[in-house]
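Here is the structure we will look at, set down as structure tokens.
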């Protein structure tokens, strides 16, 4: 790749173009803001029912409600429920990525640095977890623990940590033998210090790429579990649960099945696009 | 070669044992698995009777060894609700899930591989950009939403295809598309990477300089070399398709393993759920073993790496 001199016309157009290319990040920000300030943004209480205004199409007004995106089978405002639904999606995704990431990276770094028995045991356990189709492991665990928001987070963290462990392990192997890392250990630095100060900063790039892609996947998993009735429980708004209702009204109320799915799709798409960008920034060769 | 085979099979066996252990202990996370099997209206006496009948009152280690010895004989137990062996129930549903997975594989490979070729051959042209956008959109589509949209358009509005359940080939079309779209991205990515790897090699440049046309180069020379990673990935993708079927089957009321799993959870028929999870993991381990062996036959360098 050759450097382009800063005076060419292409370079002068560049800032605006560059900003436009970051639309996925902006879209994620919109979702995050909507989730945090849901009670301020949503026009109505997501759980307040209006049985006279059941399954009204977008733009209808019924009693005190004006349904921007239509209403569901209990006359609740779909727009308000979608805004509150962003909370469940983002909360589950953030918490499970944080939990599984922390645990997985720690396990992977220890396996890659200590080698020997620790490596054998940890990486075998990782293999076992990765051989069980993730959605099946999540389903059986939620079925045992009982469906709830907290359990979904626990289950997703339990199911997904091996992904981080494998990446952290591979990256640590490559770094643990660098002269400065070995020197630091020789000079008496503890395992925690070596891993925290020398190894972690070097592997955090690769981990963040995995974490972004996992984030999108976790949004899909939460919605999938809720769709099956194993996730967030009604009446709490969740896009997955809304879609499972929408499935019953495909023939006469398309909006119930379209809008929650569209939000889900836009969120996951922007997360995936952001993940690609993060990867390109960290590893330009992958472009 | 024999050494490699034995080693790899031993690893697979250890993994399967680990999976069985994990599934066994997950069910005991809340303490007593009897409560997973009884309806909420059960009396104390009912629960005690069932606990004793299923042997859940024995020491944990005895239960565990018993569970493993049953598994070794492919005995998955008996459904508490239906009073039929779990293996029989799974066997009756498996063909439907296999049909669906096969259909989805055709969609995923049929769209994904050409998309990957486009992405590699026309890098940086508009057609590759459109194609990349399409692939990424498909990857970000939850199967249950694409399923609902497909039913809306093709069953409700156009009336071309039946909305759900089984019957004929036309019933298989929409579930296969919904499930296959998700895996399409994997095929497109791996095909693109494999092709780009080959395109940068010396023999391709030599062939080009001698005037071999692009199409001939692609099909005669590159396709053979690039197909190895694509085949490996498709073996692994099959297990993803089987797992993804759980949700797609629910959307389309398709009577496969996924549907029976979800129904069994709601009916508190836990042994069926356990059976499906074990089967899914077994298939995954076997597919990855097969892929490794095939790969090592095609490319002997891998055997040498593993031996070191």
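The values are calculated or read from the model by the stated rules, or taken from the named source; none is laboratory data. These numbers were taken from a predicted model, which means no experiment stands behind them. Positions of Cβ are generated from backbone atoms using ideal geometry, with glycine treated the same way; all protein chains shown enter the neighbour counts.
The figures follow:
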{"quantity": "Wholly enclosed helices (runs of 4 or more DSSP H) of the range B:1-61 bearing at least 2 residues surrounded by 14 or more Cβ atoms within 10 Å (Cβ to Cβ) and touching a residue at least 40 places away in the same chain (Cβ under 8 Å)", "calculated": "B:2-26, B:34-37"}
{"quantity": "Whichever residue in the range A:262-273 is within 7 Å of chain B (Cβ to nearest Cβ) and modelled with pLDDT of 90 or more and, among such residues, is nearest to the chain's Cα centre (by Cα)", "calculated": "A:268"}
{"quantity": "Hits in the range B:121-136 - residues which are more than 21 Å from the chain's Cα centre (by Cα) and not in a loop (DSSP other than H, G, I, E, B)", "calculated": "B:121, B:126, B:127, B:128, B:129, B:130, B:131, B:132, B:133, B:134"}
{"quantity": "Qualifying position, being within 11 Å of another protein chain (Cβ to nearest Cβ), surrounded by 21 or more Cβ atoms within 10 Å (Cβ to Cβ) and closer than 23 Å to residue B:146 by Cβ, among B:185, B:178, B:253", "calculated": "B:185"}
{"quantity": "Residues located in the range A:71-124, provided they are in contact with a helix residue (DSSP H, G or I) (Cβ under 6 Å, 6 or more places away or on another chain) and at positive phi", "calculated": "A:75"}
{"quantity": "Any hit, the range A:205-226, residues being farther than 25 Å from residue A:32 by Cβ and either more than 13 Å from chain B (Cβ to nearest Cβ) or in contact (Cβ under 8 Å) with a residue 60 or more places away in the chain (or both)", "calculated": "no"}
{"quantity": "So residue B:170, is it away from every other protein chain (no Cβ under 12 Å), touching a residue at least 40 places away in the same chain (Cβ under 8 Å) and more than 20 Å from residue B:226 (Cα to Cα)", "calculated": "no"}
{"quantity": "Residue in the range B:258-275 that is within 23 Å of residue B:107 (Cβ to Cβ), more than 9 Å from chain A (Cβ to nearest Cβ) and at pLDDT 85 or above present", "calculated": "yes"}
{"quantity": "Residues located in the range B:64-99, provided they are out of contact with any helix residue (DSSP H, G or I) (no Cβ under 8 Å at 6 or more places or on another chain) and part of a helix (DSSP H, G or I)", "calculated": "B:65, B:66, B:69, B:70, B:72, B:88, B:91, B:92, B:95, B:98"}
{"quantity": "The range B:14-50, residues that are under 16 Å from residue B:67 (Cα atoms) and away from chain A (no Cβ under 12 Å)", "calculated": "B:34"}
{"quantity": "Pairs where the first residue, in the range B:145-161, is more than 8 Å from chain A (Cβ to nearest Cβ) and part of a loop (DSSP other than H, G, I, E, B) and the second is crowded, with 20+ Cβ neighbours inside 10 Å and modelled with pLDDT of 85 or more, C-beta under 9 Å, 6+ apart", "calculated": "B:161/B:150; B:161/B:151; B:161/B:174"}
{"quantity": "Helices (runs of 4 or more DSSP H) wholly inside the range A:156-256 that include at least 1 residues being closer than 25 Å to residue B:22 by Cβ and at pLDDT below 90", "calculated": "A:200-227"}
